Amino acid sequence: MYRTTVRKIASNYNTLRVPKRTLSNDASAGISSTNSAKFNSALLACSTFQEDEKLGMRNMIGQYDIAIVGGGMVGIAFACALSSMPLTKQLKVAIIDSNPALGRRDCIEKTDLPDPRVSTVTPATISFFKDVGAWDYVQQNRHAFFDKMQVWDYTGLGYTRYNARDVGKEILGCVVENKVLHASLLSCLQKSDFHKTIYPSRLTSMALQSHSKEVESKLPGAKLCDHGSFVKLDLSNGDSLFAKLVVGADGAKSYVRELAGLKTTGWNYSQNAIICTVEHNVENQCAWQRFLPTGPIALLPIGDRFSNIVWTMSPKESSERKTMNEDDFVKAVNHALDYGYGPHPQSSSVSNYGDRLSWLIADMTSSSKECFEVPPKVVKIASERMVFPLSLLHSNDYASNRVVLIGDAAHTVHPLAGQGVNLGFGDATVLSKVISDGISIGSDIGEISLLRKFEAERKPANIMMMALLDGFQKAYTVDFGPLNVLRAAAFHAAQFITPLKKNIISYATGEQKWPLFS
Amino acid sequence: MASKSLKLCRALCNNTQHGRNIFLALSASRASQRIQRRLFSNDPQPDLVDPPSTSPSEKPQSHDTRRNEGGAGRRPFSSSLNDVELAKFSAIAETWWDPVGPFKPLHAMNPTRVSFIRSALCRHFRKDPSSAKPFEGLRIVDVGCGGGILSEPLARMGATVVGIDAVEKNTKIARLHAELDPVTSSIEYCCTTAEKLVEEQRKFDAVIALEVIEHVADPAEFCKSLAALTDTNGATVISTINRSMRSYATAIVAAEYLLHWLPRGTHQWSSFLTPEELVLILQRASISVQEIAGFVYNPLTGRWALSDDLSVNFIAFGTKNMNSQ
């Protein structure tokens with residue numbers, strides 16, 4: 001079936017080509033090879049690029065430079081990144097996602113209760129949003145900057161307070177609801193005059209066409225080779241399209257990854273995370289993270305006296321906590337964030353260490369003198385409690401011929417530090433830059449050697465972050481005397497050794513690529 | 001990279017002889033037809049994929065039986081495609097275009113060469129470097145195009161590209177590969193030599209011969225041909241290998257004998273040109289070199305970068321002097 005459609009296209013193409021040829025023979029000079037490219041795009045533009053009206057158009061075979069599978073935060077961010085650079089904004093992009101939110105321009109009511117699905121965006125991500133012009137939208141909606149963070153554990157042996165001032169910054173990060181991030185990117189994409197087509201459908205199959213096979217099967221009709229450097233994507237609603245490059249941004253259960261045959265490494269932690277929105281009596285302006293024997297609990301401010309909770313525990317516990325009544329759950333949360341499981345770390349120990357280790361901590365950061373604080377009390381649950389299992393998954397390769405993975409499709413991390421989506425935005429930025437560089441030197445954007453440059457830049461960074469988060473996870477789920485002491489020592493080291501502290505902050509905020517060694 | 005160039009070199013020598021004989025043997029009527037075609041070929045060639053059956057040179061000419069081998073017929077094989085042959089070429093095309101195959105060094109080096117050409121030509125022709133197709137409207141000839149590794153990026157950047165190679169296989173492969181992408185399918189590949197194009201009086205805004213000059217028998221003559229192809233105020237870009245101790249150690253001992261990047265005997269050290277010599281022979285061909293840059297290989301990243309170090313690989317960009325013809 002495919003071959004016949006191709007042939008049909010090719011013959012159309014040929015008939016349309018004839019008048020063009022005569023035209024350009026008449027024309028004197030200056031217009032030429034690019035004509036055929038322009039012509040192609042014009043042909044396609046009239047069939048597929050009237051965005052909104054033609055969303056549901058069936059059985060038209062569009063030809064694109066890039067097909068983004070998955071219109072989530074990372075997929076849309078990648079499209080925005082492409083639309084913001086001079087060399088890539090002329091690309092024709094298709095976005096494939098069955099999520100109806102992509103089609104409509106829905107407004108987010110500021111008075112809505114905060115959604116429990118939030119992300120902590122780092123300053124690096126914020127500057128990306130500013131670059132593509134999506135940050136204004138976020139600022140018009142609910143978001144909460146925080147400039148302080150406190151990390152401690154249940155043994156009461158130590159704590160660390162991080163302050164943005166330690167590294168001369170205003171903020172450590174910003175907590176934003178995922179729907180706000182998504183809507184901001186989407187509105188930014190809708191405002192641009194970027195050539196994008198949204199296919200409200202799901203991917204069902206993907207045919208990677210190898211050159212040699214194409215050539216063999218298509219002889220002697222040489223024109224049919226036109227699609228040899230394309231991937232054909234079939235969608236669940238019967239649409240098909242061709243793309244030079246397929247970008248898999250379809251999440252942890254990536255179908256693109258499966259179809260491309262990219263293998264993964266990973267494991268499930270036998271742990272679940274409960275997430276929900278809670279309300280305080282006072283404004284929360286700090287990010288809190290406490291390591292409990294069952295797993296970490298994080299309390300992140302999202303503004304308007306609301307906070308978000310990410311609480312990791314065993315699956316059995318999580319099902320109990322999900323079903324228990326609200327008052328009991330509030331009690332359990334307060335217990336976990338305060339005296340539960342162990343005493344508060346002693347602030348007085350600070351000065352003792354300070355005297356003894358003055359040679360090491362001569363240049364103390366301001367936060368080193370800060371005392372331990374107790375997080376604000378939770379008074380009410382403001383959303384449903386959602387439970388999801390934790391897992392770690394990493395694709396062994398991010399790229400194969402004409403296919404590349406970004407975001408959770410390439411790497412799914414522990415939500416410990418809210419870094420998952422930041423890694424995804426990092427991927428989107430780097431991939432768009434690699435493609436821009438490729439275009440500047442006239443490369444074929446689906447060429448594996450180009451995609452490998454993206455992989456070489458992102459893979460080590462992603463693996464490092466995953467290993468750190470996994471290490472944290474493992475270090476804190478063991479309740480074992482000597483290890484507890486080591487953990488305490490690590491807290492103290494991070495609290496009092498200034499260069500280390502600065503380093504941790506710059507790494508966690510995405511300012512610096514590598515922990516410790518840079 | 002070099003094996004093609006070596007073949008090219010041999011073919012070039014043979015073909016030059018051939019070509020001259022043919023030229024002498026041409027009858028007057030043939031010559032008049034040539035003029036007609038020349039007018040055509042000075043026009044842009046937007047669609048060179050289909051056999052130009054309308055071109056006068058393709059009309060039957062009983063008196064010129066050797067037209068095909070002489071390369072005078074611009075598309076001597078397009079009508080005689082057969083499946084088995086093409087399948088064979090497509091198999092070789094895979095190696096030309098296999099980034100980890102025998103042409104790996106060339107693929108690794110190509111982005112660096114292209115970025116030099118991009119910046120030099122953008123500056124010279126006052127094109128917008130932030131454009132995706134800065135070379136729109138420029139006619140460029142890629143002399144010694146091989147499988148089209150340089151021609152395709154140039155075409156994607158908007159140029160009207162003619163790729164010539166004396167090895168017929170190479171141009172066939174190049175055409176086959178260029179067909180895969182509608183943007184590159186407009187490249188005109190010819191199995192011919194620079195000298196022949198000069199005879200046809202074709203002119204280009206930019207003439208590019210990368211890694212070719214070290215394989216030609218007479219570099220000075222070759223440069224004169226390149227200059228003759230360059231339009232007034234046009235640009236010429238040449239890259240080659242320096243004749244230095246380092247180039248002997250790297251391009252011959254390391255690349256051919258230790259790393260086996262290139263077949264042994266690919267390069268003759270004594271036929272390399274130093275940058276000074278190249279500048280001189282280009283000067284004599286009325287091309288003044290404006291810019292020279294070196295390529296250095298970083299063995300850790302496996303990437304090439306531009307540098308001031310001209311001791312091994314280097315690339316020169318020159319412009320044709322205004323006063324010369």
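Observations on the structure shown:
- Breaking point among (1) surrounded by 17 or more Cβ atoms within 10 Å (Cβ to Cβ); (2) basic (Lys, Arg); (3) more than 9 Å from chain A (Cβ to nearest Cβ), for residue B:104: (1)
- Here residue A:462 fulfils each of the conditions (1) in a helix (DSSP H, G or I); (2) at pLDDT below 75 apart from (2).
- For residue B:213, the conditions (1) in contact with a helix residue (DSSP H, G or I) (Cβ under 8 Å, 6 or more places away or on another chain); (2) modelled with pLDDT of 90 or more; (3) surrounded by 20 or more Cβ atoms within 10 Å (Cβ to Cβ) are fulfilled apart from (2).
- Filter pass, residue A:426 being more than 10 Å from chain B (Cβ to nearest Cβ) and either assigned to a helix (DSSP H, G or I) or among the hydroxyl-bearing types (Ser, Thr, Tyr) (or both): yes
- Residue match in the range A:121-141 (condition: touching a Leu at 6+ places or on another chain (Cβ under 6 Å) and surrounded by 20 or more Cβ atoms within 10 Å (Cβ to Cβ)): yes
- Condition check for residue B:304: in contact with a helix residue (DSSP H, G or I) (Cβ under 8 Å, 6 or more places away or on another chain), closer than 30 Å to residue A:455 by Cβ and modelled with pLDDT of 85 or more: yes
- Flag if residue A:374 is among the β-branched types (Val, Ile, Thr) and in a helix (DSSP H, G or I): no
- Filter result for residue B:110 (crowded, with 22+ Cβ neighbours inside 10 Å, within 13 Å of the chain's Cα centre (by Cα) and more than 7 Å from chain A (Cβ to nearest Cβ)): no
- Residue list for the range B:254-287, restricted to those being under 20 Å from residue B:213 (Cβ atoms) and exposed (fewer than 14 other Cβ atoms within 10 Å of the Cβ): B:263, B:265, B:268, B:270, B:276, B:284
- Failed item, numbered, when residue B:251 is tested on (1) under 30 Å from residue B:298 (Cβ atoms); (2) hydrophobic (A, V, I, L, M, F, W, C); (3) in contact with a His (Cβ under 7 Å, 6 or more places away or on another chain); (4) within 13 Å of another protein chain (Cβ to nearest Cβ): (4)
- Residue in the range B:217-233 that is within 14 Å of chain A (Cβ to nearest Cβ), surrounded by fewer than 23 Cβ atoms within 10 Å (Cβ to Cβ) and out of contact with any helix residue (DSSP H, G or I) (no Cβ under 9 Å at 6 or more places or on another chain) present: yes
Residues checked against (1) without any contact (Cβ under 8 Å) to a residue 12 or more places away in the chain; (2) in contact with a Gly (Cβ under 7 Å, 6 or more places away or on another chain); (3) surrounded by fewer than 20 Cβ atoms within 10 Å (Cβ to Cβ); (4) under 17 Å from residue A:446 (Cβ atoms):
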site: A:234; (1), (2), (3), (4): no, no, yes, no
site: A:244; (1), (2), (3), (4): no, yes, no, yes
site: A:258; (1), (2), (3), (4): yes, no, yes, no
site: A:261; (1), (2), (3), (4): no, no, yes, yes
site: A:270; (1), (2), (3), (4): no, no, yes, no
site: A:284; (1), (2), (3), (4): no, no, no, no
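Okay, residues lined up against (1) touching a residue at least 60 places away in the same chain (Cβ under 8 Å); (2) part of a strand (DSSP E or B); (3) of a type in the set (A, V, I, L, M):
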residue	(1), (2), (3)
B:228	no, no, yes
B:231	yes, yes, no
B:234	yes, yes, no
B:237	yes, yes, yes
B:243	no, no, no
B:257	no, no, no
B:267	yes, no, no
B:270	no, no, no
B:278	yes, no, yes
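- All conditions but one from (1) assigned to a helix (DSSP H, G or I); (2) touching a residue at least 40 places away in the same chain (Cβ under 8 Å) apply to residue A:474; the one that does not is (2).
- Total residues in the range B:283-309, condition in a loop (DSSP other than H, G, I, E, B) and polar (S, T, N, Q): 2
- Leading residue by the ranking (surrounded by the most Cβ atoms within 10 Å (Cβ to Cβ)) among those in the range B:157-171 that are over 26 Å from residue A:243 (Cα atoms) and within 14 Å of chain A (Cβ to nearest Cβ): B:163
The values are calculated or read from the model by the stated rules, or taken from the named source; none is laboratory data. Quantities reported herein were computed from a predicted structural model and do not represent experimental measurements. As a convention, Cβ positions derive from the backbone with ideal geometry for all residues, glycine included, and neighbour counts pool all protein chains shown.
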